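Colleague: First the structure, which I've put down as C-alpha cells, then a few questions once you've had a look.
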Amino acid sequence: QVQLVESGGGLVQAGGSLRLSCAASGRYSSGWFRRSPGLEREFVAAVSWSGGETAYADSVKGRFTISRDNNKNTVYLQMNSLQSEDTAVYYCAVATSSRRGLKMFSTEYDFWGQGTQVTVSS
C-alpha cells in the first residue's frame, strides 16, 4: 500500500501562486489531476520516475511546473498566474506498475492522494 500525503492548497487571488506537495512512501512515476465543480477529473501534469521528463495540459502550460525531490520522495506542483478556472480539488497520483515514461491518463495510476482544495478568487 502506497501512502500519499498532499499539502499546500488554499485560497489565493487571481494572478497569485501556490505550491502543492505530495509526499509518497516511495519513488514512483507521478502526476497531478484536478476536478472542478461539475466537471470530470482532468490531467494537469506528470513527471517521470527519474524526474527528467515532464508533461502538461495545454491549459496550464507555461504557468505550472511539476518537479520532484527524489531524496524526499516528494512531488511538487508550482502554480503561478492562477486563474479562477484553476479552482478545483487537486489530486496527486502515483503509478507503481512501471517506471518507464510519462503517464497522462488516470487509468495509468493506481494510488491517489486525498485531494487538496485550491480556490482562486477573481
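The values are calculated or read from the model by the stated rules, or taken from the named source; none is laboratory data. All values reported here derive from a predicted model rather than from experimental measurement. Neighbour counts run over all protein chains shown; Cβ positions are idealised from the backbone, glycine included. Protein only, heavy atoms only, side chains kept; ligands, DNA and RNA dropped before computing areas. Shrake-Rupley method; radii C 1.70, N 1.55, O 1.52, S 1.80 Å.
Colleague: Only residues that are within 24 Å of Glu108 (Cα to Cα), among the hydrophobic types (A, V, I, L, M, F, W, C) and over 15 Å from the mean Cα position of the chain (by Cα): list them for the stretch 1-22, please.
Modeller: Within the stretch 1-22, just Val2 meets the criteria.
Colleague: Yes or no: Leu20 exposed (fewer than 14 other Cβ atoms within 10 Å of the Cβ) and either at pLDDT 95 or above or within 16 Å of Ser84 (Cα to Cα) (or both)? Break it down into steps so the answer makes sense when it comes.
Modeller: Details: exposed (fewer than 14 other Cβ atoms within 10 Å of the Cβ): no; either at pLDDT 95 or above or within 16 Å of Ser84 (Cα to Cα) (or both): yes.
Against the criterion (exposed (fewer than 14 other Cβ atoms within 10 Å of the Cβ) and either at pLDDT 95 or above or within 16 Å of Ser84 (Cα to Cα) (or both)), Leu20 does not qualify.
Colleague: Go through the stretch 23-40 and give me each residue that's more than 12 Å from the chain's Cα centre (by Cα) and open to solvent by 60 Å² or more (accessible area, probe 1.4 Å).
Modeller: Ser25, Arg27, Pro37, Gly38, Leu39, Glu40
Colleague: Let me ask something additional. Six or more apart or on different chains, Cβ atoms under 8 Å: show the pairs whose first residue is in the stretch 29-58 and free of Cβ contacts under 8 Å to residues at least 40 places away in the same chain and on the phi < 0 side of the Ramachandran plot and whose second is acidic (Asp, Glu) and part of a strand (DSSP E or B).
Modeller: If the second residue must be acidic (Asp, Glu) and part of a strand (DSSP E or B), the pairs left are Ala57/Glu42.
Colleague: Taking only the stretch 106-121 into account, find how many residues are in contact with a Cys (Cβ under 8 Å, 6 or more places away or on another chain), open to solvent by 40 Å² or more (accessible area, probe 1.4 Å) and assigned to a loop (DSSP other than H, G, I, E, B).
Modeller: The first filter runs over the stretch 106-121 and keeps only residues in contact with a Cys (Cβ under 8 Å, 6 or more places away or on another chain), leaving 112-113.
Now drop any that are not open to solvent by 40 Å² or more (accessible area, probe 1.4 Å), which leaves 112.
Then keep just the ones that are assigned to a loop (DSSP other than H, G, I, E, B); that gives none.
Residues flagged as in contact with a Cys (Cβ under 8 Å, 6 or more places away or on another chain), open to solvent by 40 Å² or more (accessible area, probe 1.4 Å) and assigned to a loop (DSSP other than H, G, I, E, B) within the stretch 106-121 amount to 0.
Colleague: Looking at Ser59, Ser50, which is the one that is modelled with pLDDT under 95, open to solvent by 40 Å² or more (accessible area, probe 1.4 Å) and assigned to a loop (DSSP other than H, G, I, E, B)? Break it down into steps so the answer makes sense when it comes.
Modeller: Working: Ser59 fails: modelled with pLDDT under 95.
One residue alone meets the criteria, Ser50.
Colleague: Got at least one residue in the stretch 97-105 being modelled with pLDDT of 95 or more, among the small types (Gly, Ala, Ser) and either outside any strand (DSSP E or B) or surrounded by 13 or more Cβ atoms within 10 Å (Cβ to Cβ) (or both)?
Modeller: no
Colleague: Find all pairs meeting these conditions: Cβ atoms under 9 angstrom apart; at least six residues apart or on different chains; first residue within the stretch 72-88 and in a helix (DSSP H, G or I); second residue charged (D, E, K, R).
Modeller: Asp86/Arg34; Asp86/Arg63
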